[in-house]
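Okay, so here's the structure we're looking at.
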Amino acid sequence: MSAWDSYLNANIATGTVIDKAIIVDQTGQAVWGKSSSIQLSADQMKKIALVFSDPSDAQGNGLHFESKRYVFNKIEDIENIPVMHSKSGKEGIVAAKCKASILISHYPENSSAGEAVNFIHGQAKYLIQNNL
């Protein structure tokens, strides 16, 4: 278990707003840390990372997170931080591109998209302030 695993479990994937999270490098090929409940394939991580430079595949085919398909919604720039949102019913994926990493998260049905986007944006600001 890495220090990032502990950070994600204690601060991000608490189940309050976000129930699963992973930090990967900007290519989506190297896992820096993950919460205990997340199971993303290498291909899923790469496709989520790629959406920040070329969203066309996600716009046409959606994104897969674990065993479920999510409809790509948008990437919005919030205070110079690109934040991606995809949805499936009442749950969704929110990811933020930081300086050297991408924070990918899942919010459950009992959270709202707005809460998740705001929360992940705040976490991404912290990572960016620490050159991550």
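What follows draws every value from the coordinates through simple rules; no lab data is involved. Quantities reported herein were computed from a predicted structural model and do not represent experimental measurements. Note that each Cβ is placed from the backbone with ideal geometry, even for glycine, and that neighbours are counted across all protein chains shown.
Summing Lys and Arg as +1 and Asp and Glu as -1 over all other residues whose Cβ lies under 12 Å from the Cβ of Lys87 gives a net charge of +2. Backbone geometry of the stretch 118-132 corresponds, through the Karplus equation with coefficients 6.51, -1.76 and 1.60 at θ = phi - 60°, to 3J(HN,Hα) couplings of 4, 5, 5, 4, x, 5, 5, 4, 4, 4, 5, 4, 9, 6, 10 Hz, x marking Gly and Pro.
Does a label point 7 Å from the Cα of Gln59, set along Cα-to-beta-carbon, have any residues of the stretch 79-103 with amide nitrogen under 17 Å, and which are they? Once the point is set 7 Å along Cα→Cβ of Gln59, 83-87 turn out to lie under 17 Å by backbone N, inside the stretch 79-103. Here's how it looks for His64: its modeled amide H is under 5 Å from those of Tyr70, which are all 5 or more places away or on a different chain. Taking θ as phi - 60° and the Karplus parameters 6.51, -1.76 and 1.60, the scalar couplings of the stretch 56-67 work out to 4, 5, 5, 5, x, 10, x, 10, 9, 10, 6, 9 Hz in sequence order, x denoting glycine and proline.
The ranking of Lys20, Lys125, Lys47, Lys90 from fewest to most other beta carbons within 10 Å of each one's beta carbon is Lys90, Lys125, Lys47, Lys20. Amide H to amide H distances under 5 Å link Gly33 with Ile23, where only residues 5 or more positions off or on other chains count and H is placed in the peptide plane.
Remark: Met84, Met45 ranked as Met45, Met84, counting other beta-carbon atoms within 10 Å and listing the fewest first. So how far, in whole Å, is the C-alpha centre of the stretch 81-110 from the one of the stretch 26-73? When both Cα centres are located, 10 Å separates them.
Nothing charged except the Cβ atoms of Lys and Arg (+1) and of Asp and Glu (-1): what's the magnitude of the dipole of the chain about its Cα centre? Round to the nearest 20 debye.
Working: 12 positive and 13 negative charges, 17 e Å.
Using Cβ point charges on Lys, Arg, Asp and Glu, the chain gives about 80 debye.
Based on Cα contacts under 8 Å between residues 6+ apart, the chain shows a relative contact order of 22 percent. The H on the amide N of Lys20, modeled in the peptide plane, is under 5 Å from the matching H of His106, each at least 5 residues off or on a different chain. Rounded to whole numbers, the Karplus 3J(HN,Hα) couplings from phi for the stretch 41-47 are 7, 4, 5, 5, 5, 5, 5 Hz, using 6.51 cos²θ - 1.76 cosθ + 1.60 with θ = phi - 60°, and x at Gly and Pro.
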